[in-house]
1. Work out the charge dipole of region 287-361 with +1 on the Cβ of Lys and Arg and -1 on the Cβ of Asp and Glu about the Cα centre, then indicate which of S320, V304, I357 is farthest towards its positive end.
2. Measure nothing but the geometry: give the 0 to 90° angle between the long axis through the Cα atoms of 347-369 and the longest principal axis through the Cα atoms of the chain, rounded to 10°.
3. Within the set of other residues whose C-beta is less than 13 Å from the C-beta of A245, count the net charge using Lys and Arg as +1 and Asp and Glu as -1.
4. For region 1-75, what is the charge dipole size about the Cα centre, in debye to the nearest 20, if Lys and Arg each add +1 at the Cβ and Asp and Glu each add -1 at the Cβ?
5. Probe radius 1.4 Å, ligands and nucleic acids left out: which of F119, F40 has the largest accessible area, and how do the rest follow?
6. Got a sec? What order do C441, C56 fall in by accessible area at 1.4 Å, biggest, i.e. largest, first?
7. Among N346, I436, A163, flag the residue with its Cα farthest along the positive direction of the charge dipole of the chain, charges on Cβ as +1 for Lys/Arg and -1 for Asp/Glu.
8. So if we plug the beta-carbon distance of V76 and Q340 into 1/(1 + (r/R0)^6) with R0 = 60 Å, what FRET efficiency do we get, rounded to 0.05?
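The values are calculated or read from the model by the stated rules, or taken from the named source; none is laboratory data. Note that this is a predicted model, so its numbers are computed, not measured. Cβ atoms come from the backbone with ideal geometry, glycine included; neighbour counts cover every protein chain shown. Ligands, DNA and RNA are stripped out before the accessible areas are found, and what is left, the full protein with its side chains, is counted by its heavy atoms. Shrake-Rupley method; radii C 1.70, N 1.55, O 1.52, S 1.80 Å.
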Amino acid sequence: PEEAFALGKMYLAAREAKRLPSNPTWSFCYDMLNRVSRSFAIVIQQLPVELRNAICVFYLVLRGLDTVEDDMALDVHEKLEMLDDFAENIYKRDFTVENCGEGNYKTLMLEFNKVTEAFLSLDEVYQKVIYDITKRMGLGMAEFIPKEVKTTEEYDLYCHYVAGLVGIGLSQLFAACELEDRKFASMDELANDMGLFLQKTNIIRDYLEDIEEEPAPRMFWPKEIWGLYGEKLDDFKAPENRAEALQCLNHMITNALSHATESLEYMSQLEHKWIFRFCAIPQVMAIATLALCYNNGKVFEGVVKIRRGKTAKILTSLNSFEDLLLAFYNYAGDIAASVQPTIDPNAKNTLQICKDIQDKCQALAKHRAGKKAAPLGLGNFSAQLESSSSTFASRFALFMLAIGYATYVFGIGGVRESLGVAANAGDPTLDLIQQIIAVLCLVGMSVILVME
(Lines give C-alpha, C1' and ligand atoms only; values in the text may rest on other atoms or scores of the structure.)
Protein backbone atom coordinates (compact mmCIF):
# COMPACT_ATOMS: atom_id res chain seq x y z
CA PRO A 1 0.00 0.00 0.00
CA GLU A 2 2.81 2.47 0.83
CA GLU A 3 4.32 2.04 -2.64
CA ALA A 4 0.88 2.43 -4.24
CA PHE A 5 0.38 5.80 -2.59
CA ALA A 6 3.95 6.81 -3.40
CA LEU A 7 3.17 6.04 -7.03
CA GLY A 8 0.14 8.29 -6.75
CA LYS A 9 2.26 11.12 -5.37
CA MET A 10 4.86 10.61 -8.10
CA TYR A 11 2.11 10.69 -10.73
CA LEU A 12 0.92 14.04 -9.39
CA ALA A 13 4.51 15.33 -9.34
CA ALA A 14 4.98 14.17 -12.93
CA ARG A 15 1.79 15.96 -13.93
CA GLU A 16 3.10 19.12 -12.28
CA ALA A 17 6.44 18.75 -14.10
CA LYS A 18 4.58 18.64 -17.42
CA ARG A 19 3.04 22.05 -16.83
CA LEU A 20 5.24 24.00 -19.20
CA PRO A 21 6.20 27.70 -19.10
CA SER A 22 4.40 29.99 -21.53
CA ASN A 23 7.69 31.15 -23.07
CA PRO A 24 8.27 28.94 -26.18
CA THR A 25 12.01 28.59 -25.55
CA TRP A 26 11.62 27.45 -21.96
CA SER A 27 8.60 25.37 -22.88
CA PHE A 28 10.76 23.38 -25.31
CA CYS A 29 13.52 22.96 -22.73
CA TYR A 30 11.27 21.64 -19.98
CA ASP A 31 9.27 19.49 -22.38
CA MET A 32 12.51 17.96 -23.64
CA LEU A 33 13.69 17.44 -20.06
CA ASN A 34 10.50 15.45 -19.41
CA ARG A 35 11.10 13.38 -22.52
CA VAL A 36 14.72 12.43 -21.88
CA SER A 37 14.60 12.08 -18.07
CA ARG A 38 11.24 12.05 -16.33
CA SER A 39 12.63 11.44 -12.83
CA PHE A 40 15.12 14.30 -13.21
CA ALA A 41 12.32 16.56 -14.45
CA ILE A 42 10.31 15.76 -11.30
CA VAL A 43 13.15 16.45 -8.85
CA ILE A 44 14.30 19.66 -10.56
CA GLN A 45 10.82 21.21 -10.24
CA GLN A 46 11.34 21.70 -6.52
CA LEU A 47 14.33 24.00 -6.99
CA PRO A 48 14.00 27.82 -6.99
CA VAL A 49 13.30 29.15 -10.49
CA GLU A 50 16.66 30.79 -11.21
CA LEU A 51 18.68 27.74 -10.22
CA ARG A 52 16.15 25.39 -11.84
CA ASN A 53 16.50 27.14 -15.19
CA ALA A 54 20.29 27.08 -15.02
CA ILE A 55 20.36 23.35 -14.18
CA CYS A 56 17.79 22.57 -16.87
CA VAL A 57 19.99 24.21 -19.51
CA PHE A 58 23.13 22.61 -18.02
CA TYR A 59 21.51 19.19 -18.24
CA LEU A 60 20.29 19.63 -21.83
CA VAL A 61 23.65 21.00 -23.04
CA LEU A 62 25.47 18.02 -21.55
CA ARG A 63 22.79 15.67 -22.86
CA GLY A 64 23.46 17.07 -26.33
CA LEU A 65 27.20 16.53 -25.89
CA ASP A 66 26.53 13.00 -24.63
CA THR A 67 24.33 12.30 -27.66
CA VAL A 68 27.26 13.13 -29.93
CA GLU A 69 29.56 10.83 -27.95
CA ASP A 70 27.04 7.97 -27.88
CA ASP A 71 26.18 8.02 -31.60
CA MET A 72 28.28 5.16 -32.95
CA ALA A 73 27.09 5.87 -36.51
CA LEU A 74 28.99 9.16 -36.64
CA ASP A 75 32.32 9.29 -38.44
CA VAL A 76 35.09 9.29 -35.82
CA HIS A 77 36.83 12.40 -37.17
CA GLU A 78 33.53 14.29 -37.38
CA LYS A 79 32.66 13.23 -33.82
CA LEU A 80 36.01 14.40 -32.44
CA GLU A 81 35.56 17.78 -34.11
CA MET A 82 32.01 18.12 -32.79
CA LEU A 83 33.09 17.27 -29.24
CA ASP A 84 35.90 19.81 -29.41
CA ASP A 85 33.68 22.61 -30.76
CA PHE A 86 30.49 21.96 -28.78
CA ALA A 87 31.19 24.42 -25.96
CA GLU A 88 31.83 27.29 -28.36
CA ASN A 89 28.70 26.43 -30.34
CA ILE A 90 26.35 26.90 -27.40
CA TYR A 91 26.94 30.65 -27.79
CA LYS A 92 25.41 30.50 -31.29
CA ARG A 93 21.66 31.13 -31.41
CA ASP A 94 21.29 29.10 -34.62
CA PHE A 95 23.29 26.05 -33.50
CA THR A 96 21.64 22.73 -34.45
CA VAL A 97 22.93 19.24 -35.25
CA GLU A 98 21.48 17.02 -37.97
CA ASN A 99 21.70 13.23 -38.29
CA CYS A 100 22.69 12.66 -34.68
CA GLY A 101 20.92 10.56 -32.07
CA GLU A 102 17.59 8.76 -32.15
CA GLY A 103 14.06 9.50 -31.00
CA ASN A 104 13.81 12.36 -28.49
CA TYR A 105 17.58 12.84 -28.61
CA LYS A 106 17.42 13.44 -32.34
CA THR A 107 14.68 16.03 -31.76
CA LEU A 108 16.84 17.70 -29.13
CA MET A 109 19.75 17.99 -31.54
CA LEU A 110 17.62 19.19 -34.46
CA GLU A 111 16.16 21.99 -32.31
CA PHE A 112 19.22 22.68 -30.18
CA ASN A 113 19.01 26.37 -31.06
CA LYS A 114 16.21 26.63 -28.49
CA VAL A 115 18.58 25.31 -25.83
CA THR A 116 21.26 27.83 -26.83
CA GLU A 117 18.62 30.57 -26.75
CA ALA A 118 17.80 29.60 -23.16
CA PHE A 119 21.50 29.40 -22.33
CA LEU A 120 22.10 32.94 -23.61
CA SER A 121 19.25 34.25 -21.45
CA LEU A 122 20.93 33.03 -18.24
CA ASP A 123 23.00 35.25 -16.00
CA GLU A 124 26.65 35.37 -17.07
CA VAL A 125 27.81 33.62 -13.91
CA TYR A 126 25.79 30.54 -14.88
CA GLN A 127 26.89 30.71 -18.52
CA LYS A 128 30.52 30.65 -17.44
CA VAL A 129 30.07 27.47 -15.37
CA ILE A 130 28.13 25.68 -18.12
CA TYR A 131 30.65 26.64 -20.81
CA ASP A 132 33.66 25.60 -18.70
CA ILE A 133 32.25 22.18 -17.80
CA THR A 134 31.04 21.55 -21.37
CA LYS A 135 34.48 22.36 -22.76
CA ARG A 136 36.31 20.14 -20.30
CA MET A 137 33.85 17.30 -20.80
CA GLY A 138 34.03 17.48 -24.60
CA LEU A 139 37.82 17.29 -24.54
CA GLY A 140 37.68 14.41 -22.07
CA MET A 141 35.19 12.46 -24.16
CA ALA A 142 37.34 12.98 -27.22
CA GLU A 143 40.33 11.59 -25.35
CA PHE A 144 38.53 8.28 -24.84
CA ILE A 145 36.93 7.90 -28.29
CA PRO A 146 39.90 6.04 -29.80
CA LYS A 147 40.98 4.01 -26.77
CA GLU A 148 39.78 1.21 -24.54
CA VAL A 149 39.45 1.64 -20.78
CA LYS A 150 42.09 -0.71 -19.40
CA THR A 151 43.08 0.41 -15.91
CA THR A 152 41.01 1.49 -12.94
CA GLU A 153 42.79 4.86 -13.15
CA GLU A 154 41.53 5.28 -16.72
CA TYR A 155 38.08 4.16 -15.55
CA ASP A 156 38.07 6.85 -12.87
CA LEU A 157 39.31 9.44 -15.35
CA TYR A 158 36.62 8.62 -17.92
CA CYS A 159 33.91 8.74 -15.23
CA HIS A 160 35.37 12.07 -14.07
CA TYR A 161 35.00 13.51 -17.56
CA VAL A 162 31.43 12.36 -18.12
CA ALA A 163 29.99 12.58 -14.59
CA GLY A 164 32.46 13.94 -12.05
CA LEU A 165 32.53 17.21 -13.97
CA VAL A 166 28.73 17.32 -13.74
CA GLY A 167 29.00 17.18 -9.95
CA ILE A 168 31.65 19.90 -9.98
CA GLY A 169 29.52 22.09 -12.25
CA LEU A 170 26.41 21.64 -10.10
CA SER A 171 28.40 22.60 -7.00
CA GLN A 172 29.54 25.76 -8.73
CA LEU A 173 25.94 26.56 -9.68
CA PHE A 174 24.81 26.01 -6.06
CA ALA A 175 27.45 28.50 -4.91
CA ALA A 176 26.75 30.95 -7.75
CA CYS A 177 23.06 31.27 -6.84
CA GLU A 178 24.12 31.80 -3.19
CA LEU A 179 21.73 29.16 -1.88
CA GLU A 180 24.72 27.17 -0.64
CA ASP A 181 28.00 28.30 0.90
CA ARG A 182 30.74 29.66 -1.38
CA LYS A 183 32.92 26.69 -0.43
CA PHE A 184 30.88 24.53 -2.81
CA ALA A 185 32.54 26.34 -5.72
CA SER A 186 35.82 24.63 -4.80
CA MET A 187 34.64 21.26 -3.42
CA ASP A 188 35.87 19.48 -6.53
CA GLU A 189 37.02 16.22 -4.96
CA LEU A 190 33.82 15.49 -3.07
CA ALA A 191 31.67 16.63 -6.00
CA ASN A 192 33.68 14.37 -8.30
CA ASP A 193 32.95 11.37 -6.06
CA MET A 194 29.24 12.16 -6.24
CA GLY A 195 29.42 11.95 -10.03
CA LEU A 196 31.59 8.83 -10.10
CA PHE A 197 29.19 6.99 -7.78
CA LEU A 198 26.28 7.63 -10.16
CA GLN A 199 28.20 6.97 -13.37
CA LYS A 200 29.74 3.70 -12.21
CA THR A 201 26.31 2.49 -11.14
CA ASN A 202 24.95 3.20 -14.64
CA ILE A 203 27.91 1.48 -16.31
CA ILE A 204 27.40 -1.63 -14.19
CA ARG A 205 23.63 -1.75 -14.68
CA ASP A 206 23.80 -1.20 -18.45
CA TYR A 207 26.28 -4.02 -19.22
CA LEU A 208 24.08 -5.95 -21.66
CA GLU A 209 22.54 -2.90 -23.32
CA ASP A 210 25.98 -1.40 -23.97
CA ILE A 211 27.69 -4.57 -25.17
CA GLU A 212 24.93 -5.30 -27.67
CA GLU A 213 24.79 -1.74 -29.03
CA GLU A 214 24.84 -1.40 -32.80
CA PRO A 215 26.73 -0.73 -34.99
CA ALA A 216 29.51 -1.19 -32.42
CA PRO A 217 29.52 -1.56 -28.62
CA ARG A 218 31.27 0.89 -26.29
CA MET A 219 32.20 -0.63 -22.96
CA PHE A 220 33.78 1.05 -19.97
CA TRP A 221 34.31 -1.88 -17.61
CA PRO A 222 38.09 -1.67 -17.01
CA LYS A 223 40.12 -4.62 -18.24
CA GLU A 224 42.14 -4.46 -15.01
CA ILE A 225 39.00 -5.77 -13.27
CA TRP A 226 37.20 -7.93 -15.82
CA GLY A 227 40.46 -9.48 -17.02
CA LEU A 228 40.73 -11.25 -13.65
CA TYR A 229 37.62 -13.26 -14.45
CA GLY A 230 37.55 -13.88 -18.20
CA GLU A 231 39.34 -13.58 -21.52
CA LYS A 232 36.70 -11.38 -23.19
CA LEU A 233 34.17 -9.04 -21.66
CA ASP A 234 31.31 -10.36 -23.76
CA ASP A 235 31.98 -13.90 -22.47
CA PHE A 236 30.05 -12.97 -19.35
CA LYS A 237 26.79 -13.09 -21.32
CA ALA A 238 27.11 -16.87 -21.67
CA PRO A 239 25.26 -18.85 -18.95
CA GLU A 240 28.20 -21.26 -18.61
CA ASN A 241 30.37 -18.33 -17.44
CA ARG A 242 27.88 -17.08 -14.87
CA ALA A 243 30.05 -17.83 -11.82
CA GLU A 244 32.96 -15.78 -13.17
CA ALA A 245 30.55 -13.09 -14.39
CA LEU A 246 29.09 -12.67 -10.90
CA GLN A 247 32.54 -12.43 -9.33
CA CYS A 248 33.42 -9.70 -11.82
CA LEU A 249 30.10 -7.93 -11.22
CA ASN A 250 30.61 -7.94 -7.46
CA HIS A 251 34.14 -6.57 -7.93
CA MET A 252 32.76 -3.72 -10.08
CA ILE A 253 30.07 -2.94 -7.48
CA THR A 254 32.68 -2.90 -4.70
CA ASN A 255 34.70 -0.43 -6.76
CA ALA A 256 31.63 1.81 -7.15
CA LEU A 257 30.81 1.63 -3.45
CA SER A 258 34.23 3.09 -2.64
CA HIS A 259 32.80 6.53 -3.51
CA ALA A 260 29.80 6.31 -1.18
CA THR A 261 31.41 7.70 1.98
CA GLU A 262 32.65 10.80 0.14
CA SER A 263 29.19 11.29 -1.35
CA LEU A 264 27.73 11.21 2.14
CA GLU A 265 30.30 13.75 3.31
CA TYR A 266 29.36 16.09 0.45
CA MET A 267 25.64 15.85 1.19
CA SER A 268 26.21 16.40 4.92
CA GLN A 269 27.31 19.94 4.08
CA LEU A 270 24.24 20.92 2.05
CA GLU A 271 21.95 23.39 3.82
CA HIS A 272 19.13 24.13 1.37
CA LYS A 273 16.31 21.57 1.63
CA TRP A 274 15.50 21.32 -2.07
CA ILE A 275 19.13 21.25 -3.17
CA PHE A 276 19.66 18.47 -0.65
CA ARG A 277 16.78 16.45 -2.11
CA PHE A 278 17.96 17.17 -5.63
CA CYS A 279 21.37 15.65 -4.77
CA ALA A 280 20.28 12.92 -2.37
CA ILE A 281 17.57 11.21 -4.43
CA PRO A 282 19.90 10.10 -7.30
CA GLN A 283 22.49 8.93 -4.75
CA VAL A 284 19.97 6.75 -2.92
CA MET A 285 18.72 5.43 -6.27
CA ALA A 286 22.33 4.52 -7.07
CA ILE A 287 23.04 2.56 -3.90
CA ALA A 288 19.62 0.89 -4.17
CA THR A 289 20.51 -0.15 -7.74
CA LEU A 290 23.88 -1.51 -6.63
CA ALA A 291 22.16 -3.52 -3.88
CA LEU A 292 19.76 -4.92 -6.48
CA CYS A 293 22.56 -5.75 -8.93
CA TYR A 294 24.91 -7.31 -6.39
CA ASN A 295 25.40 -11.02 -7.14
CA ASN A 296 22.46 -10.79 -9.57
CA GLY A 297 22.93 -12.75 -12.80
CA LYS A 298 20.06 -10.85 -14.43
CA VAL A 299 22.53 -8.01 -15.08
CA PHE A 300 23.90 -10.22 -17.89
CA GLU A 301 20.43 -10.96 -19.25
CA GLY A 302 18.91 -7.47 -19.37
CA VAL A 303 18.82 -4.08 -17.66
CA VAL A 304 18.11 -4.48 -13.94
CA LYS A 305 15.91 -1.68 -12.63
CA ILE A 306 14.37 -0.80 -9.30
CA ARG A 307 10.63 -1.43 -9.41
CA ARG A 308 8.54 1.66 -9.98
CA GLY A 309 6.90 1.54 -6.56
CA LYS A 310 10.24 1.64 -4.75
CA THR A 311 11.46 4.41 -7.05
CA ALA A 312 8.35 6.40 -6.25
CA LYS A 313 8.85 5.84 -2.53
CA ILE A 314 12.42 7.14 -2.71
CA LEU A 315 11.32 10.17 -4.75
CA THR A 316 8.52 11.09 -2.38
CA SER A 317 9.80 10.13 1.08
CA LEU A 318 13.47 11.19 1.11
CA ASN A 319 13.12 14.49 2.94
CA SER A 320 15.84 14.70 5.57
CA PHE A 321 19.49 13.94 6.16
CA GLU A 322 18.40 11.20 8.58
CA ASP A 323 16.39 9.59 5.76
CA LEU A 324 19.53 9.62 3.62
CA LEU A 325 21.70 8.06 6.32
CA LEU A 326 19.15 5.38 7.03
CA ALA A 327 18.88 4.48 3.33
CA PHE A 328 22.65 4.21 2.85
CA TYR A 329 23.05 2.29 6.11
CA ASN A 330 20.36 -0.24 5.21
CA TYR A 331 21.39 -0.76 1.56
CA ALA A 332 25.01 -1.25 2.64
CA GLY A 333 23.71 -3.82 5.10
CA ASP A 334 21.72 -5.55 2.35
CA ILE A 335 24.84 -5.85 0.19
CA ALA A 336 26.95 -7.12 3.10
CA ALA A 337 24.31 -9.74 3.88
CA SER A 338 24.53 -11.01 0.27
CA VAL A 339 28.32 -11.46 0.28
CA GLN A 340 29.49 -15.07 -0.05
CA PRO A 341 33.02 -15.19 1.44
CA THR A 342 33.66 -18.80 0.45
CA ILE A 343 33.25 -18.24 -3.29
CA ASP A 344 33.76 -14.51 -3.85
CA PRO A 345 37.45 -13.52 -4.04
CA ASN A 346 36.55 -9.88 -3.39
CA ALA A 347 34.34 -10.61 -0.38
CA LYS A 348 36.72 -9.13 2.20
CA ASN A 349 36.95 -5.80 0.37
CA THR A 350 33.18 -5.66 -0.13
CA LEU A 351 32.46 -6.30 3.53
CA GLN A 352 34.99 -3.68 4.59
CA ILE A 353 33.54 -1.02 2.30
CA CYS A 354 30.01 -1.79 3.49
CA LYS A 355 31.26 -1.42 7.07
CA ASP A 356 32.95 1.88 6.13
CA ILE A 357 29.64 3.17 4.74
CA GLN A 358 27.74 2.18 7.88
CA ASP A 359 30.45 3.65 10.11
CA LYS A 360 30.28 6.90 8.13
CA CYS A 361 26.52 7.00 8.61
CA GLN A 362 26.97 6.52 12.34
CA ALA A 363 29.62 9.24 12.55
CA LEU A 364 27.53 11.73 10.59
CA ALA A 365 24.47 10.95 12.71
CA LYS A 366 26.45 11.64 15.89
CA HIS A 367 27.88 14.83 14.46
CA ARG A 368 24.46 16.02 13.35
CA ALA A 369 22.92 15.22 16.72
CA GLY A 370 25.75 16.90 18.61
CA LYS A 371 25.70 14.15 21.20
CA LYS A 372 26.11 10.41 21.49
CA ALA A 373 23.61 8.84 19.12
CA ALA A 374 22.11 5.39 19.05
CA PRO A 375 23.34 3.20 16.19
CA LEU A 376 21.44 3.63 12.97
CA GLY A 377 18.76 1.00 12.59
CA LEU A 378 18.39 0.90 16.42
CA GLY A 379 17.19 3.29 19.11
CA ASN A 380 15.75 6.53 17.81
CA PHE A 381 16.00 5.51 14.17
CA SER A 382 14.09 2.27 14.65
CA ALA A 383 11.55 4.19 16.70
CA GLN A 384 11.25 6.69 13.87
CA LEU A 385 10.61 3.92 11.37
CA GLU A 386 8.18 2.16 13.71
CA SER A 387 6.36 5.42 14.29
CA SER A 388 6.23 6.11 10.57
CA SER A 389 4.96 2.61 9.87
CA SER A 390 2.33 2.69 12.63
CA THR A 391 1.19 6.16 11.55
CA PHE A 392 0.68 4.95 8.01
CA ALA A 393 -1.16 1.84 9.25
CA SER A 394 -3.50 4.03 11.30
CA ARG A 395 -4.21 6.34 8.38
CA PHE A 396 -4.76 3.38 6.06
CA ALA A 397 -7.18 1.79 8.55
CA LEU A 398 -9.15 5.06 8.70
CA PHE A 399 -9.17 5.21 4.91
CA MET A 400 -10.61 1.70 4.74
CA LEU A 401 -13.27 2.68 7.28
CA ALA A 402 -14.13 5.66 5.07
CA ILE A 403 -14.52 3.32 2.10
CA GLY A 404 -16.72 1.01 4.18
CA TYR A 405 -18.89 3.92 5.29
CA ALA A 406 -19.23 5.19 1.71
CA THR A 407 -20.17 1.70 0.50
CA TYR A 408 -22.86 1.51 3.18
CA VAL A 409 -24.23 5.00 2.51
CA PHE A 410 -24.44 4.67 -1.27
CA GLY A 411 -25.84 1.16 -1.00
CA ILE A 412 -28.29 1.88 1.81
CA GLY A 413 -31.27 1.17 -0.43
CA GLY A 414 -30.09 -2.41 -0.89
CA VAL A 415 -29.50 -2.74 2.85
CA ARG A 416 -33.09 -1.65 3.51
CA GLU A 417 -34.44 -4.11 0.97
CA SER A 418 -32.45 -6.93 2.55
CA LEU A 419 -34.18 -6.08 5.83
CA GLY A 420 -37.61 -6.18 4.16
CA VAL A 421 -38.00 -2.39 3.98
CA ALA A 422 -38.57 -0.33 0.85
CA ALA A 423 -35.37 1.07 -0.62
CA ASN A 424 -36.70 4.64 -0.50
CA ALA A 425 -38.17 4.38 2.98
CA GLY A 426 -35.57 6.66 4.55
CA ASP A 427 -35.44 10.43 4.73
CA PRO A 428 -34.01 11.60 1.33
CA THR A 429 -32.42 14.68 2.91
CA LEU A 430 -30.68 12.59 5.58
CA ASP A 431 -29.50 10.12 2.92
CA LEU A 432 -28.05 12.97 0.86
CA ILE A 433 -26.26 14.45 3.88
CA GLN A 434 -24.72 11.06 4.65
CA GLN A 435 -23.55 10.71 1.04
CA ILE A 436 -21.92 14.16 1.17
CA ILE A 437 -20.19 13.25 4.46
CA ALA A 438 -18.96 9.97 2.94
CA VAL A 439 -17.49 11.75 -0.08
CA LEU A 440 -15.77 14.34 2.13
CA CYS A 441 -14.34 11.58 4.32
CA LEU A 442 -12.98 9.72 1.30
CA VAL A 443 -11.45 12.86 -0.21
CA GLY A 444 -10.00 13.94 3.11
CA MET A 445 -8.43 10.56 3.89
CA SER A 446 -7.06 10.29 0.36
CA VAL A 447 -5.32 13.65 0.76
CA ILE A 448 -3.95 12.69 4.19
CA LEU A 449 -2.54 9.44 2.83
CA VAL A 450 -0.63 11.04 -0.02
CA MET A 451 0.56 14.07 1.92
CA GLU A 452 3.93 13.93 3.69
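1. My answer, from the dipole projection, is V304.
2. Rounded to the nearest ten degrees, it is 60.
3. On the way: positive: K232, K237, R242, K298; negative: E231, D234, D235, E240, E244, E301, D344.
The answer is -3.
4. Taking the Cα centre of region 1-75 as origin, the dipole is about 480 debye.
5. Numbers: F119 0, F40 45 Å².
Largest accessible area first, the list is F40, F119.
6. C441, C56
7. Of the listed residues, the answer is I436.
8. The formula returns an efficiency of 0.90 here.
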